[in-house]
Amino acid sequence: MGRHEKLEWQVGGMDCAACVAKVTKAVERLPGVSEVQVNLMTEKLSLALDTDRTRPEAVIRQVEALGYKVGAEAAPHAHSGPGGEHSHDAPGDAGKPWWNTAKARLVWLLGALVLGAYGLSLVLPHQVSYALFLAATLVALIPFGRRALALARAGSPFSIETLMCTAAIGAAVIGAAEEAAVVVLLFALGELLENVAAGRAREGIRALASLMPRTALRLQGDGSTVEIPAERLAVDNQVLVRPGDRVPCDGIILEGHSGLDESPVTGESVPVTRGVGDAVVAGSINTDGALRIRVTRAAADNTIARIIRMVEDATASRAPTQRFIERFSTWWTPGAMAVSALVILVPPVALGWDWWTSLYRGLAVLLIACPCALVISVPAAMASGLSAGARRGLLVKGGAALETIGAATTVAFDKTGTLTAGRPRVTDVIAAEGEEEAVLLAQAAAVESGSSHPLAKAIMAEAEARGLALPAATAQAAIAGKAVAASIGGARVSVGSPRHAAEQGAVLGPLAEAATRLEGEGKTSVLILSDRRPLGLIAMRDEPRADAASGIAVLKGLGVRSVMLTGDNARTGAAIAASLGMEVKAELLPDDKLREIAALRAAGDVIMVGDGINDAPALAAASVGVAMGGGTDVALETADAAVLKDRVTGVAELVSLSRATMANVKQNVAVAVGLKGVFLVTTLIGVTGLWPAIMADTGATVLVTLNALRLLGWKPGFARD
């Protein structure tokens, strides 16, 4: 066995999905190559290579033989520049305006030759001007013909280059050199326009990288600062962020208090207040006071860099609709070539056409055969939709998830930290007869110490606020979905649900009535037991998010049903669900949530929205799992999608984005197929000829790309609170 390496290159010059297919097929034919992935939006080729069978240089030669430019080899996901910024320009045209690229120069040369030939044809004999048109055709056919031959050798004999060269040569042979010259000019112009449009689509990802400042003020040991490139920041460095500066790293505030505008990352327009001990994310804008921040992640792994990587990976994944279109397109071109052959051979015999007319119309059909517009119709829309969502704090990990979100009939929400703020506070402490409130609360806090659960934090915060000394607790253990227990002073103390207390055989007496009353008020009650003897209860309330009711209402307006899945007691769940106008399934253990998700999926696609940690099984079981708010880390690493802002309306925005993207896809497919269908008919009846046929192909490709670019300006079709 050879040594397998994961390698990645920048490939310049790809401007449509057909280019992706060409590069993929050519590279896959090399021995020892596997896991080939070509990303149109980021212009990257990645693969696994057995270097004993094929050297990396052979991969480069294979790709460059197709007419593309290959940049320097890089490690997968390697980035250069601040915050992972990298260039998407072709290596040979890096930094050049579009009108000065190699493709543009070919267009200018062909345009000059064709216009010059037309001008001279007015004053020179036909034979001379005809030779000029042939020269213009030959100038274009040399590079396009080389590419067609290379593609044929690499396994793509039915490429657009092959079709165009065949049509142009055929036109010249039958005496239509003028049209042959116009065909090659329009083809070159179409490639240039596709390249410009694809570059505009890539700006969505490039804009994310621009959120990172290029420099940072690193604090020295003596308190002075030195300006360094932001990508050179290391973990545990300290930086100074002045008012108006962008935060150059993910980190923790060591000193200072300020409002941070996190809208570039989360899409949340209202600045949030941050102080000592709070986490900050790269790309945020400091609005008020100076902050001293400790770096917690290197530049290559900060929030912006990870968002960019996720969007890049997402644009490389294929939605079900895209996979269907690609399978269809593999039959389209050979089918169209068969139709072209029939147009050439049948009408002279069956309809009495002359052979030149039949040949001319058959060549025009060849030009209509290119599936570029059809193939790019889906990935262009998906890439724009994914980029537009990322700019609003809506991250989706691929086209398949984006497509499914809009088709979902139900959204299942976790309660704590999702529909509610996730910051419950203690409202009532009721001791059993003969017990003291302070002792009850101190023992409960000791059992919960070290837990990250929101209810545990609320109990510990209340004990701290009252200045209570906590007893020593050992042998702490969690009973999934029911209670937490520990040993205190030789007794086994548990903090759990009333249901757990009843299962333990505890006699609750008046505490049962108190728990029922408090739960009816929308509060969560926990019973504290010491060796199954009730010490009392603690009630907490976690208020719904400010936009929870409006977010559920918007989903209802979109025709999507909302269901709360919670492990809380039925009364508390019902009280909160009623205030939000949604259904509820309460007292669910983790396994119960999985069963509820399975039942909901029986009726259609289901979105599960949770915090990305406790709800991981349910997120995985749903059609699409969405991690919301809470922790950007978790949101970026788990589930199929993430809403980076702490807003329930973000889920409705995801649904709206998905539907807008799929509507754009359908429009693109209609344009691609419709234009080709119209020109196929008009060509067969003799209304249009060669150059309108190439216009149909180029025009359709440009139209679908421009239509996809509209999604970059997408906004939800409802008011945001």
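When the stretch 12-51 is examined, which residues are found to be in contact (Cβ under 8 Å) with a residue 60 or more places away in the chain, charged (D, E, K, R) and in a strand (DSSP E or B)?
K44
So how many residues does the stretch 674-701 have that are hydrophobic (A, V, I, L, M, F, W, C), surrounded by fewer than 18 Cβ atoms within 10 Å (Cβ to Cβ) and in a helix (DSSP H, G or I)?
3
Return the residues of the stretch 262-289 that are closer than 17 Å to L217 by Cβ, at pLDDT 90 or above and open to solvent by 20 Å² or more (accessible area, probe 1.4 Å); say none if nothing qualifies.
I285
Can you tell me which of (1) open to solvent by 40 Å² or more (accessible area, probe 1.4 Å); (2) touching a residue at least 60 places away in the same chain (Cβ under 8 Å) is the one G450 doesn't meet?
Status for G450: all satisfied but (2).
Can you report the number of residues in the stretch 552-590 which are out of contact with any helix residue (DSSP H, G or I) (no Cβ under 8 Å at 6 or more places or on another chain), aliphatic (A, V, I, L, M) and closer than 30 Å to G717 by Cα?
Residues that pass the stated criteria total 3.
Which number in (1) in contact with an Asp or Glu (Cβ under 7 Å, 6 or more places away or on another chain); (2) closer than 21 Å to D615 by Cα; (3) in a strand (DSSP E or B) marks the one condition that V429 misses?
Going through (1) in contact with an Asp or Glu (Cβ under 7 Å, 6 or more places away or on another chain); (2) closer than 21 Å to D615 by Cα; (3) in a strand (DSSP E or B) one by one, V429 breaks only (2).
Could you please find all residues in the stretch 391-426 being in contact with a helix residue (DSSP H, G or I) (Cβ under 6 Å, 6 or more places away or on another chain), open to solvent by less than 10 Å² (accessible area, probe 1.4 Å) and either at pLDDT below 85 or within 30 Å of E464 (Cα to Cα) (or both)?
G398, G399, L419
Could you go through the stretch 541-556 and let me know if any residue there is of a type in the set (D, E) and open to solvent by less than 20 Å² (accessible area, probe 1.4 Å).
yes
Give the stretch 453-491 a look and list any residue that's more than 22 Å from D591 (Cα to Cα), open to solvent by 30 Å² or more (accessible area, probe 1.4 Å) and either in a strand (DSSP E or B) or touching a Gly at 6+ places or on another chain (Cβ under 6 Å) (or both), or say none.
T474, A475, Q476, S487, listed by residue number.
Given the structure, is E437 out of contact with any strand residue (DSSP E or B) (no Cβ under 7 Å at 6 or more places or on another chain), surrounded by fewer than 22 Cβ atoms within 10 Å (Cβ to Cβ) and within 19 Å of L518 (Cβ to Cβ)?
no
Does the stretch 639-673 hold any residues that are out of contact with any helix residue (DSSP H, G or I) (no Cβ under 7 Å at 6 or more places or on another chain), in a helix (DSSP H, G or I) and open to solvent by 30 Å² or more (accessible area, probe 1.4 Å), and which are they?
Listed by number, the residues that qualify are A663, K666, A670.
Which numbered condition trips up P534, out of (1) buried (at least 22 other Cβ atoms within 10 Å of the Cβ); (2) within 20 Å of A641 (Cβ to Cβ)?
(2)
Which members of the stretch 352-370 meet the condition of being open to solvent by less than 40 Å² (accessible area, probe 1.4 Å) and of a type in the set (A, V, I, L, M, F, W, C)?
L363, A364, V365, L366, L367, I368, A369, C370
The values are calculated or read from the model by the stated rules, or taken from the named source; none is laboratory data. Everything numeric here is computed off the predicted structure, so don't read it as measured data. Neighbour counts run over all protein chains shown; Cβ positions are idealised from the backbone, glycine included. Accessible surface is based on the protein model in full, side chains and every heavy atom, while ligands, DNA and RNA are left aside. Shrake-Rupley method; radii C 1.70, N 1.55, O 1.52, S 1.80 Å.
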